[in-house]
Amino acid sequence: MTSVAEPVVRIPDAKVALSTASVYPESTATAFEIAARLGYDGVEVMVWTDPVSQDIEALRRLSDYHGIPVLAVHAPCLLITQRVWSTDPWVKLQRARAAAEKLGASTVVVHPPFRWQRQYARDFVSGIWRMADETDVRFAVENMYPWRYRDREMLAYAPDWDVTKDDYRHFTIDLSHAATSRTDAMQMVDRMGDRLGHVHLADGKGSAKDEHLVPGRGSQPCAELLERLALSGFDGHVVIEVNTRRAMSGAEREADLAEALAFTRLHLASPVRVPRR
């Protein structure tokens, strides 16, 4: 008797996390509460000016209270966090690694240096390798974008905003950043290959401004990427990192974050075919 293929669904081990940046201007504590209520698998803590985001014991208490693990720590790499956890960028990364280790997070997300951080930029690639060799925590370096104003472009990051031009053990792909840089995101993912360790899922329309739209509301291949991750057995984390600061209420913000989670879970489940006996 001829066997007939029956469709089934394969769901990878990847966990879906909420970036605490996704609730801004609400607090880090609010992100844990929303993640628990909506059914996220964990959070990525964006270390920024909120004192709770910098306090490992406070984060541990929030994690325990809500039953939501910290899956990743985003090192303080933004312009507004230049003085958070020291002004020395290597100290920032050391503290991010220590926080990840103490909280049980598997990944530290880090941006390439700003171009004016000359010594840091000069040593960055070798320094990230050195730090990665000292821990089981992944240092996943994130793609960025040129800064644009009208018809002018400024290359603000070094060695390069396109992190695939340098040799790192692990990468973070951010689809909103890919939109802003006007880069083909799937080609960038191809260049990252099996070193893709972390995903920031957000959409964009190619504006000069980093948009971080809810997945499905822009032009980026969010669904295509998730389906590829499902087929490849991706074992990193998929982090919803969207901009909800224009939400008119807490309910509207939660609706956006619920929509982002539903989109991600739908496309992260990949249909496969197996022979029917």
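Residue by residue, here is whether (1) more than 27 Å from Asp13 (Cα to Cα); (2) in contact with a Phe, Trp or Tyr (Cβ under 7 Å, 6 or more places away or on another chain); (3) not aromatic (Phe, Trp, Tyr) holds:
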residue: His170; (1), (2), (3): no, yes, yes
residue: Ser176; (1), (2), (3): no, no, yes
residue: Lys205; (1), (2), (3): yes, no, yes
residue: Leu213; (1), (2), (3): no, no, yes
residue: Gln220; (1), (2), (3): no, no, yes
residue: Leu225; (1), (2), (3): no, no, yes
residue: Val238; (1), (2), (3): no, no, yes
residue: Leu257; (1), (2), (3): no, no, yes
Problem - Subset of the stretch 237-254 [surrounded by 15 or more Cβ atoms within 10 Å (Cβ to Cβ) and either in a helix (DSSP H, G or I) or modelled with pLDDT under 95 (or both)] - result: Ala247, Arg253, Glu254
Exercise for the section: Determine if the stretch 160-169 includes at least one residue that is open to solvent by less than 10 Å² (accessible area, probe 1.4 Å) and at pLDDT below 95. Expected result: no
Problem - Selected residue (criterion: most open to solvent (accessible area, probe 1.4 Å)) from residues of the stretch 52-78 that are more than 22 Å from His198 (Cβ to Cβ) and aliphatic (A, V, I, L, M) - result: Val52
Completion exercise
Ser176 fails exactly one of (1) surrounded by 15 or more Cβ atoms within 10 Å (Cβ to Cβ); (2) farther than 24 Å from Glu224 by Cα; (3) not aliphatic (A, V, I, L, M), namely (2)
Practice task
Would you confirm whether any residue within the stretch 186-200 is under 18 Å from Cys77 (Cβ atoms), outside any helix (DSSP H, G or I), in contact (Cβ under 8 Å) with a residue 12 or more places away in the chain and in contact with a helix residue (DSSP H, G or I) (Cβ under 9 Å, 6 or more places away or on another chain)?
Solution key: yes
Practice task
Spot the failing condition for Thr49; the list is (1) surrounded by 17 or more Cβ atoms within 10 Å (Cβ to Cβ); (2) closer than 18 Å to Glu241 by Cβ, and only one is missed.
Solution key: (1)
Handout entry: Residue list for the stretch 106-122, filter: of a type in the set (Gly, Ala, Ser) and without any contact (Cβ under 8 Å) to a residue 40 or more places away in the chain
Key = Ala121
Handout entry: Candidates Gly204, Gly233 - the one that is open to solvent by less than 50 Å² (accessible area, probe 1.4 Å) and closer than 23 Å to His74 by Cβ
Key = Gly204
Problem - Residues of the stretch 79-111 classified as over 12 Å from Arg138 (Cβ atoms), open to solvent by less than 40 Å² (accessible area, probe 1.4 Å) and in a helix (DSSP H, G or I), total - result: 7
Handout entry: Residue list for the stretch 115-130, restricted to those being open to solvent by 10 Å² or more (accessible area, probe 1.4 Å) and either touching a strand residue (DSSP E or B) at 6+ places or on another chain (Cβ under 7 Å) or assigned to a loop (DSSP other than H, G, I, E, B) (or both)
Key = Arg115, Trp116, Gln117
Practice task
Taking only the stretch 207-230 into account, find how many residues are within 18 Å of Ala258 (Cα to Cα) and open to solvent by less than 70 Å² (accessible area, probe 1.4 Å).
Solution key: 9
Handout entry: Pairs, first on the phi > 0 side of the Ramachandran plot in the stretch 203-214, second open to solvent by 40 Å² or more (accessible area, probe 1.4 Å), C-beta under 6 Å, six or more apart
Key = Gly206/Arg182; His212/Asn243
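The values are calculated or read from the model by the stated rules, or taken from the named source; none is laboratory data. All values derive from a computational prediction rather than experimental measurement. Cβ sites come from the backbone with ideal geometry, for glycine too, and all protein chains shown count toward neighbours. Note: accessible area is taken over every heavy atom of the protein model, side chains too, but ligands, DNA and RNA are not part of it. Shrake-Rupley method; radii C 1.70, N 1.55, O 1.52, S 1.80 Å.
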